[in-house]
Amino acid sequence: MIYEALKKYRDINISLIEALNIDDLDKVEKLLEKKDELINFIDNMEYSKEDFIKFSKELDIMKSEEMLNKVSNLKKQEYKKEMSKVNNTQKAYKSYNSNFRGEGYFIKQKI
């Protein structure tokens, strides 16, 4: 029973990696919900520590978890850069437009 649950956990990690790589954030959200449910299910299961360790090694759970962390950190950095660019563009736009709205550039004197 624990083997099947851990296998499903690994498969969810792999699916999360694939979804992150194609920027399918809706799928990522659904998969994270499934992963949380599965973690709760595993927490409530009865199994030996030895079986858990054995099957985790056999299924390369740690490897899939490390890959997922690596990909999610890369995506996080990518999104931060993108948000920073958008933020800088907005600041430049606001600054440019606010300079021309002020009265400092125009003389109010009749010629």
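Annotations for the structure displayed:
- Meets criteria (loosely packed, with under 12 Cβ neighbours inside 10 Å and modelled with pLDDT of 95 or more) for Glu66: no
- Test: residue in segment 83-91 that is without any contact (Cβ under 8 Å) to a residue 40 or more places away in the chain, surrounded by 10 or more Cβ atoms within 10 Å (Cβ to Cβ) and within 15 Å of the chain's Cα centre (by Cα): yes
- Some residue of segment 77-93 being in contact with a Leu (Cβ under 6 Å, 6 or more places away or on another chain) and part of a helix (DSSP H, G or I): no
- Near pairs, Cβ below 8 angstrom, 6+ apart or cross-chain, from segment 14-41 (free of Cβ contacts under 8 Å to residues at least 60 places away in the same chain) to any residue that is of a type in the set (Lys, Arg) and assigned to a helix (DSSP H, G or I): Ser15/Lys27; Leu16/Lys35; Ala19/Lys27; Leu20/Lys75; Asp23/Lys75; Leu38/Lys8
- Considering (1) in a helix (DSSP H, G or I); (2) over 13 Å from the mean Cα position of the chain (by Cα); (3) surrounded by 14 or more Cβ atoms within 10 Å (Cβ to Cβ), the lone condition that Tyr47 does not fulfil carries the number (1).
Yes or no, residue by residue, for (1) of a type in the set (A, V, I, L, M); (2) assigned to a helix (DSSP H, G or I); (3) exposed (fewer than 12 other Cβ atoms within 10 Å of the Cβ):
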residue	(1), (2), (3)
Lys7	no, yes, no
Arg10	no, yes, no
Lys27	no, yes, no
Glu33	no, yes, yes
Val71	yes, yes, no
Leu74	yes, yes, no
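The values are calculated or read from the model by the stated rules, or taken from the named source; none is laboratory data. Everything numeric in this text was worked out from a predicted model, so none of it was measured. Every residue, glycine as well, gets a Cβ built from its backbone with ideal geometry; the counts of neighbours run over all protein chains shown.
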